[in-house]
Amino acid sequence: MKECLVIGKTHAGKTLFALNFAHYLGVTNLEITFRHPNGLIAKKTYSLAAARRELVGPAPHMTRALQSFVLDLPVGKGAKRCTFTDTSGLIDHIHADVEVRRAIAQTLGAIREADLILHLVDAAAVGRTDAPSALGEVDYQVAQFAQLRSGYAVLANKMDLPGAAGGLERLKLELPGHAVFPISALYKRGFREVKGFVQRYL
């Protein structure tokens, strides 16, 4: 079964996107496997509403393990299964908390193994910044590495917020040749195009 990895910086909206994408595909309950950096593996079944309450929030680094669940995507007259994996948020500096550093290292290791990569970027934040580069250092490095494979796309998230349209244009200019999809993880906008992208690589 192929794995689709959801990556990005803290507050990019990765976990909300992963859960709402599952809902978009008609899922109501999820069995999530938590693979911790220390090797511990745990499983828990959630309703989507409960998963949003427990796993999504304003605090940075709420996700400190690889969080995986299986999705069925329609392909032709049938369906193909895909492991969808949410990851710890990346940052541009070295975090003081060793547990967070291990979670980030686990995420970076998972990038090398994934079949598909969906790279979430906060388009609204990009639109607000006056930095010369649309991407921070870690997002840029991930894009440079991941572009070597075909199953890589940038999801310009938070298109429902002010400044996001300008951020989307900056991302397209800075990442020529990449698939860049404007989405709103909160309102499930742009999910049809993301689904089509994932289907092509299953």
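Worth a mention:
- Number of positions in the stretch 173-196 that are surrounded by 15 or more Cβ atoms within 10 Å (Cβ to Cβ), at pLDDT below 95 and within 27 Å of K2 (Cβ to Cβ): 3
Results for (1) crowded, with 16+ Cβ neighbours inside 10 Å; (2) modelled with pLDDT under 85; (3) out of contact with any Ser or Thr (no Cβ under 7 Å at 6 or more places or on another chain); (4) farther than 26 Å from Y140 by Cβ, shown as yes or no for each residue.
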| position | (1), (2), (3), (4) |
| --- | --- |
| A65 | yes, no, yes, no |
| V70 | no, no, no, yes |
| P74 | no, no, yes, yes |
| A79 | no, no, yes, yes |
| R102 | yes, no, yes, no |
| A105 | no, no, yes, no |
| L108 | yes, no, yes, no |
| A114 | yes, no, yes, no |
| A123 | yes, no, yes, no |
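- For G167, the criteria (1) assigned to a loop (DSSP other than H, G, I, E, B); (2) buried (at least 18 other Cβ atoms within 10 Å of the Cβ) hold in every case but one, which is (1).
- Members of the stretch 89-106 found to be part of a helix (DSSP H, G or I) and more than 14 Å from M62 (Cα to Cα), listed by number: V98, A105, Q106
- Which listed residue is more than 25 Å from F145 (Cα to Cα), under 17 Å from the mean Cα position of the chain (by Cα) and surrounded by 15 or more Cβ atoms within 10 Å (Cβ to Cβ), from F17, F34, F84: F34
- Near pairs, Cβ below 8 angstrom, 6+ apart or cross-chain, from the stretch 183-201 (farther than 20 Å from T85 by Cβ) to any residue that is in a helix (DSSP H, G or I) and at pLDDT 95 or above: L186/L16; L186/N20
- Qualifying position, being closer than 17 Å to A110 by Cα, among the β-branched types (V, I, T) and in contact (Cβ under 8 Å) with a residue 40 or more places away in the chain, among T63, T33: T63
- Restricting the stretch 130-141 to residues that are surrounded by 14 or more Cβ atoms within 10 Å (Cβ to Cβ) and either of a type in the set (D, E, K, R) or out of contact with any strand residue (DSSP E or B) (no Cβ under 6 Å at 6 or more places or on another chain) (or both), the residue that is farthest from K2 (Cα to Cα): A134
- If you check V142, V100 for being more than 16 Å from the chain's Cα centre (by Cα) and farther than 24 Å from T28 by Cβ, only one passes: V100.
The values are calculated or read from the model by the stated rules, or taken from the named source; none is laboratory data. Because the structure is predicted, anything quoted here is derived from the model rather than measured. Counting neighbours? That spans all protein chains shown, and the Cβs are built from the backbone with ideal geometry, glycine included.
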